[in-house]
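Structure, as structure tokens:
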Amino acid sequence: MGAAFPFALKKRLEQGASKFKIVVQSFQRGFLLVVFALFLQHSKPYALSGSPETFHWLIGLLGFVILFLIFYRYPSSLNNKVVLAVKTFTIIFAVVLFSQLTYSKGVGFLLSRSDIIILVLANVALFGSIIWLFTQDKILIRLGILAFLLAFRITHNIDGSWTKLIWNASPIPEIYKFYFLQYLFIVIPGTIIGDLIYKWIKSERKEEISEKFYLPPAFLFLSILIIIWNLFGLYNRLLLLNLIGNIILLVNYYLMFRNANSELFNLYKKFFYWAGFWLILGLTFESFEGGIKKDPSTLSYYLVTTGLAIFCLIAFSIITDYYNKKKYVQLLIDNGQNPMIAYLSNSHIIMSIMALTGLSSLLNLILINPWMGFLKGLIITLLAALVTSFFTKKKIFWRS
């Protein structure tokens, strides 16, 4: 999300949109993501019942249709008034439908019943886009904002402090909490990476990458190894060994940059500096808040995963931009281009169809050990990815 801001917002600025208009559009997008979070959760079969039956699975499929009509990027040839009418009618229908349903806890539609991940994304999409808009060429200001977020993170539990007052203040707690903004620790670094990618793509120099310079295969190997090493070291709580291993890997990575002689190589070099910075900073905070974990998310979680995400980006870029083997990761690209469909293709399409056809019961027969459970998860995830890829190839996109 963070890396996408420079591309989406610069395009609007180049088209002549004012900053005020873009801010208004950011609020609209945030609102639509909140709608997505609400309708998504209210149409999940497992939200309706702990043991979903045919009716619940059908509601899941209907939920997909509802969200499709709201978020589908309609052809530009279609009259805007018609599109607005379809979306308005669909939202009203959805509100009426979900208000009549009874959920697993015996109550109907609740503003607090929303998909927490999408709700967090709605908050950081709003604030992250506005921050980037007013700090386009001012990275230090963005880093300064993170410093203030860090101060809030450390002091919000102190009784009598004004930071605690702001942290807990919310006009609509079901939609906004200051705590959600902690994910700006991931989004804002993402905007910095997005700026670097945008400048590289806009560069006038069109080099034949594979012919201009030699990139050691060790770059791809190290980019992946750093991720695996941290998963192993942190999961097994081998913290000192993990740190030493990271230092060794990062030093080796750095030594290979001495012969940087191309636009792409220099881009990787900049990526590496930021990735190494966030990773080591995150490992330094690892003992803070009881050790790294996602839920409740810790400061080290934001920073470490940010660094690892950049290394992952380097690995994928080497495959697609250097080796020109885009086809090997095309399935991931298709899902990345259609993230909203990708997010619910499992819960609303694959799981519903498998349950209605009896395939889920058949697949459960293989659950004889953890590895077969892993295989089941892999099959379902692959099917969900293929569904999303189908929509992408057919040029059917969802946009908020």
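The values are calculated or read from the model by the stated rules, or taken from the named source; none is laboratory data. Since the model is a prediction, treat every value here as computed from it, not as a measurement. Positions of Cβ are generated from backbone atoms using ideal geometry, with glycine treated the same way; all protein chains shown enter the neighbour counts.
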The one condition in (1) touching a residue at least 24 places away in the same chain (Cβ under 8 Å); (2) closer than 20 Å to PHE272 by Cβ; (3) charged (D, E, K, R) that ARG153 fails to fulfil
(2)
Considering every residue within the stretch 340-361, establish whether at least one is under 23 Å from the mean Cα position of the chain (by Cα), modelled with pLDDT under 95, exposed (fewer than 13 other Cβ atoms within 10 Å of the Cβ) and of a type outside the set (Gly, Ala, Ser).
no
Quick one: is LEU84 over 24 Å from the mean Cα position of the chain (by Cα) and modelled with pLDDT of 95 or more?
no
Under the condition of being in contact (Cβ under 8 Å) with a residue 60 or more places away in the chain and under 17 Å from TYR253 (Cα atoms), which residue from the stretch 310-320 is surrounded by the fewest Cβ atoms within 10 Å (Cβ to Cβ)?
CYS312
Restricting the search to the stretch 136-175, which residues are hydroxyl-bearing (Ser, Thr, Tyr) and closer than 25 Å to SER300 by Cβ?
THR155, SER161, THR163
Considering every residue within the stretch 375-393, establish whether at least one is of a type in the set (D, E, K, R), part of a loop (DSSP other than H, G, I, E, B) and loosely packed, with under 13 Cβ neighbours inside 10 Å.
no
Say whether the condition of being hydrophobic (A, V, I, L, M, F, W, C) and surrounded by 15 or more Cβ atoms within 10 Å (Cβ to Cβ) is met by at least one residue in the stretch 321-329.
no
Which residue pairs have Cβ atoms closer than 6 Å, lie 6 or more positions apart in sequence or on different chains, and pair a first residue in the stretch 190-202 that is within 22 Å of LEU308 (Cβ to Cβ) with a second residue that is of a type in the set (Gly, Ala, Ser)?
GLY190/GLY2; GLY190/ALA3; THR191/GLY2; ILE193/ALA3; GLY194/ALA3
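Yes/no matrix, rows are residues, columns are (1) part of a helix (DSSP H, G or I); (2) surrounded by fewer than 17 Cβ atoms within 10 Å (Cβ to Cβ); (3) polar (S, T, N, Q); (4) in contact with a Lys or Arg (Cβ under 6 Å, 6 or more places away or on another chain):
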position: VAL120; (1), (2), (3), (4): yes, no, no, no
position: ILE130; (1), (2), (3), (4): yes, no, no, no
position: GLY144; (1), (2), (3), (4): yes, yes, no, no
position: THR163; (1), (2), (3), (4): yes, no, yes, no
Answer residue from the stretch 276-297, given it is at pLDDT below 95 and of a type in the set (Ser, Thr, Tyr) and is surrounded by the fewest Cβ atoms within 10 Å (Cβ to Cβ) among those:
SER287
Based on this model, can you work out whether ILE158 counts as in a loop (DSSP other than H, G, I, E, B) and not small (Gly, Ala, Ser)?
yes
Over the stretch 168-186, the set of residues crowded, with 19+ Cβ neighbours inside 10 Å and free of Cβ contacts under 8 Å to residues at least 60 places away in the same chain is TYR176, LEU181
The residue from TYR273, TYR254, TYR301, TYR235 that alone is at negative phi and surrounded by 20 or more Cβ atoms within 10 Å (Cβ to Cβ) is TYR301
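Each row is one residue, and each column tells you yes or no for (1) more than 20 Å from ASN338 (Cβ to Cβ); (2) surrounded by fewer than 19 Cβ atoms within 10 Å (Cβ to Cβ).
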{"site": "HIS42", "(1), (2)": "yes, no"}
{"site": "GLY50", "(1), (2)": "yes, yes"}
{"site": "PHE55", "(1), (2)": "yes, yes"}
{"site": "SER76", "(1), (2)": "no, yes"}
Which one is surrounded by the fewest Cβ atoms within 10 Å (Cβ to Cβ), of the residues in the stretch 132-142 that are free of Cβ contacts under 8 Å to residues at least 40 places away in the same chain and part of a helix (DSSP H, G or I)?
LEU140
Filtering the stretch 285-329 down to residues that are among the acidic types (Asp, Glu) and not in a helix (DSSP H, G or I) yields GLU286, ASP295
Of the residues in the stretch 1-40, those that are surrounded by 13 or more Cβ atoms within 10 Å (Cβ to Cβ) and among the hydroxyl-bearing types (Ser, Thr, Tyr) come to SER26
Please go through the stretch 187-209 and pick out each residue that is at pLDDT below 95 and either closer than 17 Å to LEU133 by Cβ or loosely packed, with under 13 Cβ neighbours inside 10 Å (or both).
TYR198, ILE201, LYS202, SER203, GLU204, ARG205, LYS206, GLU207, GLU208
